[in-house]
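Nothing in this text is a laboratory measurement; each read-out follows from the coordinates by a stated rule. Here the structure is a predicted model, which means the values were calculated and not measured. Every residue, glycine as well, gets a Cβ built from its backbone with ideal geometry; the counts of neighbours run over all protein chains shown.
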Amino acid sequence: MTSTTHRPRGERSRAASAGLHTALIIASAVALFPVLFVVFVSLRGRDGWQEPTRFVGFSVDNYTHILGETKFLTWFGNSVIVALGATVLGVLVAATAGYAVSRMRFPGHRPLMWTFLVVQMFPMAVLIVPLYNLLGQLELLDSYAGLIVTYCSVSVPFCAWMLKGYFDTIPAEIDEAGRVDGLTPFGTFWRLILPLARPGLAVTAFYSFITAWGEVAFASQFMSSEEHYTPVSYTHRCV
Amino acid sequence: MATVVTRVRRSFGTHWYAWAMVLPVVVVLGVLVGYPLGRGVYLSFTDANEANVGRTIGVNHIPSTYRFVGLDNYWKVLSGQEGHFYSRLTWTVVWTASCVVLHYAIGLGLALLLNRKMRFRTLYRVLLVLPWAVPAFVATFSWRLMFNEKYGVLNSFLTTLGLDPVDWLGDSFLQKVSAVAVNVWLGVPFMMVAILGGLQAIPAELHEAAEMDGASPWQRFRHVTLPGLRSVSGTVILLGVIWTFNMFQVVYLLIGAGASSESEILVTYSYRLAFQGIRDYAGSATYGILILSLLLVFAVFYRRTLARQEASR
């Protein structure tokens, strides 16, 4: 007991270390299992999923089928284009808005933050029909641009909130120094603050990318021609 | 009149930079969310359904014949005549509460574990964030395979252990448990990352000072860590509630269109109204607006409570 009380801060007993690692290993296993399971099933040929605990009958049939007999590579390209487009556009738009809200006290900045929150509250599932009609009128159905803009509107509110919090942690003196040296407000933002906010930008970019990459409902409703499927929307059609 | 104009002009002069920077967001959200939202509000005051909305068949355009019915839809839903609202609402609230509590508790636990110096920390972090990178749709699909009554891997484990297989997705209680499990699996990484960020922002000196004063680990957790996490927690719990309340994909895809089941939440029900059977656009919009209003009321209360706590400290 005495040895534990005199231990310097930050060091653990052997038992505590073992407990820590056990807990993390179990948690990682739970996190990993469903993903590995999908990989496992995908390697078991067409009917392998019916015998999930047997380690026989491995084949790459499913992969040759997908790569050879469907337009997988085109669809993969679609996902890349749409997700990257949504990420770049979304992060840029969210960053300018987040910066403005973080640094400038302009009329309307509080309602704006509330709008960001409210936008997340309206069930997107219910927005599909009106959005479909709207995109139809704007002639953006079945196009990359339509889907990119839609995904932006999904991810931007959260990104702007995150980035505002991030910009708040960057001292305002840096802006002032930039202004004294003759930069415009936009120049300060672009040359000084954005480079400093790189970690925050990375997190929001990751978030936007994942949101766009894995989205099903909009992709399968809006992209009707086969060249415009994404891998995920194709999977949706298969199930 | 003249003073108003000058005031507007002066305000524009000082704030035009700020407004120019928020303009893109406002335009995108205004068009893509504002318009559908406005249309939703409008539809909820009508009796629009598949039979009476305007549509074009070939070259013939059939004009809309739906009428304005005022608050009729809301009355029907809220007075219980329509018959599904309160049961769905109860389950949605239980669903949201259990998911968010589990998200937060597990996320906090894992973040505390990861916020220490140890070997393989980066590896653990990557593995634990992984579920976040899996599209909800693919994850749900994978879980559906695992929950499968006849061929699922979970039941295989149970039979190996000599237990009876369980019909995970058949019985409505088990459906609910399964849905919560999947959603918790999906949502924990986000909480963990956010809380970990919050933990790292707590100055180490605070912990050292508390330790000098003889605080036990529990006391340090209670009086240093938790207060330090307050602002992060406030935000992620609010977002968590909103996202879980509207978590369409997991519930819809896991339990499937195996419809009319008790385990449906408000969002999936409202989606089904608009897309299955005789498409009831007005009813679906009414549900959408009600969901929005409920969340809005919750958010206002929540923020106010947080602000009051902050003030009383």
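Values as computed for the structure displayed
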quantity	calculated
Cross-link partners of B:Lys150 among aspartates and glutamates (Cα-Cα below 17 Å; sequence separation of 8 or more within a chain)	A:Asp47, A:Glu51, B:Asp164, B:Asp167, B:Asp171
Mean projection area, nm², convex hull over Cα of chain B	27.1
Estimated dipole of the protein assembly as shown in Debye, rounded to 20 [Cβ of Lys and Arg +1, of Asp and Glu -1, Cα centre]	1480
Nearest-20 debye value, segment A:105-234 charge dipole, Cβ charges on Lys, Arg, Asp, Glu	420
Net charge dipole size for chain B [Lys, Arg +1 and Asp, Glu -1 on Cβ; Debye, nearest 20]	1080
Charge dipole (the protein assembly as shown, unit charges on Cβ, about Cα centre) - positive-most of A:Ala219, A:Leu20, A:Ile148	A:Leu20
Chain A: DSSP helices with Cα axial extent of at least 18 Å and average Kyte-Doolittle hydropathy no lower than -1.0	A:14-42, A:72-103, A:109-121, A:124-137, A:144-168, A:198-213
Shielding score for B:130-137, defined as the mean number of other chain Cβ atoms within 10 Å	6
Scattering profile of segment A:24-183 at q = 0.10, 0.12, 0.13, 0.20 Å⁻¹ [log10 I(q)/I(0), Debye over alpha-carbon scatterers]	-0.68, -0.86, -0.93, -1.20
Helix runs (DSSP H) in chain B reaching 15 Å along axis by Cα, Kyte-Doolittle at least 0.5	B:2-29, B:85-114, B:121-133, B:136-147, B:172-200, B:230-245, B:281-312
Positive-pole candidate from A:Ile170, A:Thr184, A:Met124, dipole of segment A:70-238, charges at beta carbon	A:Ile170
Selected from B:Trp91, B:Ala139, B:Thr160, residue furthest toward positive end of dipole (segment B:66-190; charges at beta carbon)	B:Ala139
Compactness index (Cα Rg / 2.2 N^0.38 Å), segment A:93-239	1.25
Straight-distance crosslink candidates among aspartates and glutamates, where the alpha carbon sits under 14 Å from B:Lys117 and sequence neighbours closer than 8 are dropped	A:Glu11
Ordering of B:130-143, B:92-105, B:299-312 by burial proxy (mean other Cβ atoms within 10 Å per residue, highest first)	B:130-143, B:92-105, B:299-312
Average other protein chain Cβ within 10 Å of Cβ, residues B:29-42	6
Solvent-free Debye scattering, log10 I(q)/I(0), computed from the Cα coordinates of the protein assembly as shown at q = 0.12 Å⁻¹	-1.37
Cβ neighbours within 10 Å from other chains - mean over A:152-158	4
